[in-house]
Amino acid sequence: MVGSGIVGAATAFFAARAGFRVLVVERRPALCSLTTAVAAGGYRLQLEHREELALVSRTVRLLERFAEETGQSAHDPSIRRQGYLWLARTEDTAARQRDLVARQLEWGVDGVELLSGGEARTRFPWLPEDVLQARFRQDDGLIEPKRIAMGLLEGSGAEVVTGVGVTGFDIDRGRLAAVRTDRGAIAAGACVIAAGPLSELLARAAGIELPVSAVRRQRVLLWDVPEVPRDAPMTIDEETTTHWRPVASGAYLLYPDATEPGGEPVEDVPADPAFALRLLDPDSPVAVARTAGFWRDVWERAGSAWVVQAGQYTMTPDQRPLIGQTEIGGLWVNTGYSGHGVMAGPAGGEILAELLAGRHRDSPFRLDREFVPATQAF
């Protein structure tokens, strides 16, 4: 297993449970310290695609029984059912909300509410007056991604090594024979590349081009923001996709900028300090003040410290993951979650383990599928 983030950890856990002897190789000196470590930390069943709903529902069932399923209690996912709240300001956006909620109900998603602007402000008094409509599901909520990854690794019983980088693969007559590292070769009958955005580079070392693009995503972490209600939901401006959530005594602020170009995956993703001002300045078109009046107070008080952190989404053309065997026998890939690795990755790890064990022969997430480009931004 190459990679110790939430996808790699889940794959290791389910592969071990299926009877495989698992070795997790992590090139960084600390486990789960790349993409998973800077995730927003939320899960939702308010999704746009039925295939992804099946994945996330499977993950949620695992998280609800995490201690029992993993056999460990040192790491808890810290599920907080505070909800996901999506805000609409225009009639066009409100109509799209109504259509999506109708589809979600057809798919069996329960608990999704459509709220008028007045109903939403009664429930959440900090909402601005120009909110026309909102959709909300109380059972969506917040989680701690790194704790989940560490719990899965602990529960797997796998051998784990850090500070070891994979440099290539030895192939014999079309099948994997060994994994090459900067510490020597490891004989292996199967290897799963689950290294987030770096999966592209690892696959390329075996002569395989994955249909993925690495796109920078940034997160603002603010400390000590008393204006933010501790029980607030993940709150999203549906028109800009700017969103925020409470964390400890502060908050995470996020904005998946659709104009951010794709590029080469890198281990150290540069963060833009000006990104925080784009979200905090009430005059910005993507300001969090569009979602809650108290963010203007935070800006005017100017008393909160912040830091901008950055990672990379591994985007596929249809924004669904790549889960399956490559053209090289024994070399597998589990990546490309397009920003939903925390929500869908644990279930994807289970699917990959089932494929490894021969329990399934096919998957809607296979690498050679036909890709229909998606327009979903968040």
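The values are calculated or read from the model by the stated rules, or taken from the named source; none is laboratory data. What you see is a predicted model; the values in this text were computed from it and never measured. Note that each Cβ is placed from the backbone with ideal geometry, even for glycine, and that neighbours are counted across all protein chains shown.
The figures follow:
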item: Residue in region 178-185 that is assigned by TED's automatic domain parsing to the domain that holds R61, in contact with a Leu (Cβ under 8 Å, 6 or more places away or on another chain) and buried (at least 18 other Cβ atoms within 10 Å of the Cβ) present; result: no
item: Residue in region 339-354 that is buried (at least 20 other Cβ atoms within 10 Å of the Cβ), closer than 22 Å to A206 by Cβ and out of contact with any helix residue (DSSP H, G or I) (no Cβ under 6 Å at 6 or more places or on another chain) present; result: yes
item: Residue selected from region 292-332 under the condition aliphatic (A, V, I, L, M) and closer than 25 Å to E350 by Cα, by the criterion surrounded by the most Cβ atoms within 10 Å (Cβ to Cβ); result: I323
item: Residues (within 25 Å of R175 (Cβ to Cβ) and touching a strand residue (DSSP E or B) at 6+ places or on another chain (Cβ under 6 Å)) located in region 329-363; result: G329, G330, L331, W332, V333, N334, T335, G336, G348, I351, L352, S363
item: Subset of region 1-23 that is of a type in the set (V, I, T) and touching a Leu at 6+ places or on another chain (Cβ under 7 Å) - its residue that is surrounded by the most Cβ atoms within 10 Å (Cβ to Cβ); result: T11
item: Residue identified as surrounded by fewer than 17 Cβ atoms within 10 Å (Cβ to Cβ), under 16 Å from P145 (Cα atoms), out of contact with any helix residue (DSSP H, G or I) (no Cβ under 7 Å at 6 or more places or on another chain) and basic (K, R) among R98, R80, R65, R103; result: R65
item: Selected residue (only one of R217, R183, R245 is modelled with pLDDT of 95 or more, under 30 Å from Q325 (Cβ atoms), basic (K, R) and touching a Gly at 6+ places or on another chain (Cβ under 7 Å)); result: R217
item: Test result for G250, of a type outside the set (S, T, Y) and in contact with an Asp or Glu (Cβ under 7 Å, 6 or more places away or on another chain); result: yes
item: Region 187-232 - residue that is of a type in the set (D, E, K, R) and assigned to a helix (DSSP H, G or I) and, of those, surrounded by the fewest Cβ atoms within 10 Å (Cβ to Cβ); result: R204
item: Counted residues, region 239-262 - those being over 13 Å from R219 (Cβ atoms) and crowded, with 18+ Cβ neighbours inside 10 Å; result: 2
item: Test result for V131, assigned by TED's automatic domain parsing to the domain that holds A248, touching a Lys or Arg at 6+ places or on another chain (Cβ under 7 Å) and in a helix (DSSP H, G or I); result: no
item: Pairs, first under 20 Å from G303 (Cβ atoms) in region 268-282, second part of a helix (DSSP H, G or I), C-beta under 6 Å, six or more apart; result: L279/V288; L280/W299; P282/A289; P282/R296; P282/W299
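Conditions tested, residue by residue: (1) modelled with pLDDT of 95 or more; (2) assigned by TED's automatic domain parsing to the domain that holds I193; (3) among the polar types (S, T, N, Q); (4) under 21 Å from the mean Cα position of the chain (by Cα).
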{"residue": "P270", "(1), (2), (3), (4)": "yes, no, no, yes"}
{"residue": "F275", "(1), (2), (3), (4)": "yes, no, no, yes"}
{"residue": "D281", "(1), (2), (3), (4)": "yes, no, no, no"}
{"residue": "A287", "(1), (2), (3), (4)": "yes, no, no, no"}
{"residue": "W299", "(1), (2), (3), (4)": "yes, no, no, no"}
{"residue": "W306", "(1), (2), (3), (4)": "yes, no, no, no"}
{"residue": "G324", "(1), (2), (3), (4)": "yes, yes, no, yes"}
{"residue": "G329", "(1), (2), (3), (4)": "yes, yes, no, no"}
{"residue": "Y337", "(1), (2), (3), (4)": "yes, yes, no, yes"}
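Results for (1) over 27 Å from E327 (Cβ atoms); (2) out of contact with any strand residue (DSSP E or B) (no Cβ under 8 Å at 6 or more places or on another chain), shown as yes or no for each residue.
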position: D140; (1), (2): yes, no
position: G151; (1), (2): yes, yes
position: V161; (1), (2): yes, no
position: V166; (1), (2): no, no
position: D170; (1), (2): no, no
